[in-house]
Amino acid sequence: MITTDICIIGAGPVGLFAVFEAGLLKMRCHLIDALPQVGGQLSEIYPHKPIYDIPGYPSITAQELINNQMEQIDPFKPTFTLGERVDELQKQEDGSYIVIGSEGTLIHCQVVVIAGGLGCFEPRKPELENLTTYEGKNVHYMVKDPEKFRDQRIVIAGGGDSALDWTIFLSDIAKEVTLVHRSDSFRGAPDSAEKVFNLAQNGKINLLLSHNLQRLNGNGHLESVLMTNKSKEEVVINTDHFIPLYGLSPKLGPIADWD
């Protein structure tokens, strides 16, 4: 059994900063996370994506932020259990807790800090009947390594911040970027939307608004994306990769049953 002062559930940026604050008070921390690495959504979903709302950093990539946090907490020597979900909390008679992991790990602590955000996340997928044919090959729900798309043709679908930010970022890397959105306006930050419109006006990306996805075409390997415009006319875009960025669906998991 692991014994510590504080058990932190979630090793994302909030959990990591909790280690720093607790360390200043001479309290030991053990972190447990269902993901196989620290960093939470930042490392798992968009490690190379620049983010702009961190105090003191006009721009920093998600993974750089996590790396900086790991360096910041290193003097306090936290310990980690990664790749394991927390299934149960058992409160003891003395007020302490035993945290039980899905793989049988037991952590005895005085305080439990839940820094799991909204729980585990799964990508929202477009309703395309042949989508699964290309998953894991040419369909990507997150951009882990932008270099994978260097000199490639890509179609990004979505109207939120992730779709806008990745369109901007990949416009300097990919051979051709097409952003498809079913509406004629974006849900993301106005500044990012303006940058996307400017890229389109300058011919650096293709921007297709009020277009609805219909089908992916190819023979085992993705070749094109079929969509329709406002007039119900078919539009075909040849591509090497399809990146639907419709956000994530949170699943709270066992946390919901902890009262």
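The values are calculated or read from the model by the stated rules, or taken from the named source; none is laboratory data. All values derive from a computational prediction rather than experimental measurement. We place every Cβ from the backbone using ideal geometry, glycine too, and count neighbours over all the protein chains shown. Keep in mind that these areas ignore ligands, DNA and RNA; they rest on the heavy atoms of the full protein, side chains included. Shrake-Rupley method; radii C 1.70, N 1.55, O 1.52, S 1.80 Å.
Looking at (1) open to solvent by 60 Å² or more (accessible area, probe 1.4 Å); (2) closer than 17 Å to residue 35 by Cα; (3) more than 20 Å from the chain's Cα centre (by Cα), can you tell me which one residue 91 breaks? Unmet for residue 91, out of (1) open to solvent by 60 Å² or more (accessible area, probe 1.4 Å); (2) closer than 17 Å to residue 35 by Cα; (3) more than 20 Å from the chain's Cα centre (by Cα): (2). Anything in the range 192-219 that is of a type outside the set (S, T, N, Q), over 19 Å from residue 127 (Cα atoms) and in contact with a helix residue (DSSP H, G or I) (Cβ under 9 Å, 6 or more places away or on another chain)? List them, or say none. Within the range 192-219, 193, 195, 196, 199, 204, 205, 207 qualify.
Flag set for residue 196, criterion: assigned to a helix (DSSP H, G or I), in contact with a Phe, Trp or Tyr (Cβ under 8 Å, 6 or more places away or on another chain) and at pLDDT 95 or above. Taking every residue in the range 169-180 that is under 15 Å from residue 238 (Cβ atoms) and open to solvent by 20 Å² or more (accessible area, probe 1.4 Å) and pairing it with any residue that is in a strand (DSSP E or B) and aliphatic (A, V, I, L, M), at least 6 positions away or on another chain, the pairs with Cβ-Cβ distances below 8 Å are 176/154.
Each row is one residue, and each column tells you yes or no for (1) more than 15 Å from residue 159 (Cα to Cα); (2) more than 24 Å from the chain's Cα centre (by Cα).
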| site | (1), (2) |
| --- | --- |
| 193 | no, no |
| 206 | no, yes |
| 211 | no, yes |
| 215 | yes, yes |
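For the range 94-112, filtering for residues that are open to solvent by 50 Å² or more (accessible area, probe 1.4 Å), farther than 19 Å from residue 36 by Cβ and out of contact with any Cys (no Cβ under 7 Å at 6 or more places or on another chain) leaves 4.
Which fully enclosed strands (runs of 3 or more DSSP E) of the range 67-130 have 2 or more residues being in contact (Cβ under 8 Å) with a residue 12 or more places away in the chain, closer than 19 Å to residue 43 by Cα and of a type outside the set (Asp, Glu)?
79-82, 120-123
Among the residues making up the range 204-259, those that are in a strand (DSSP E or B), touching a residue at least 40 places away in the same chain (Cβ under 8 Å) and among the aliphatic types (A, V, I, L, M) are 213, 216, 222, 225, 227, 237, 243, 248.
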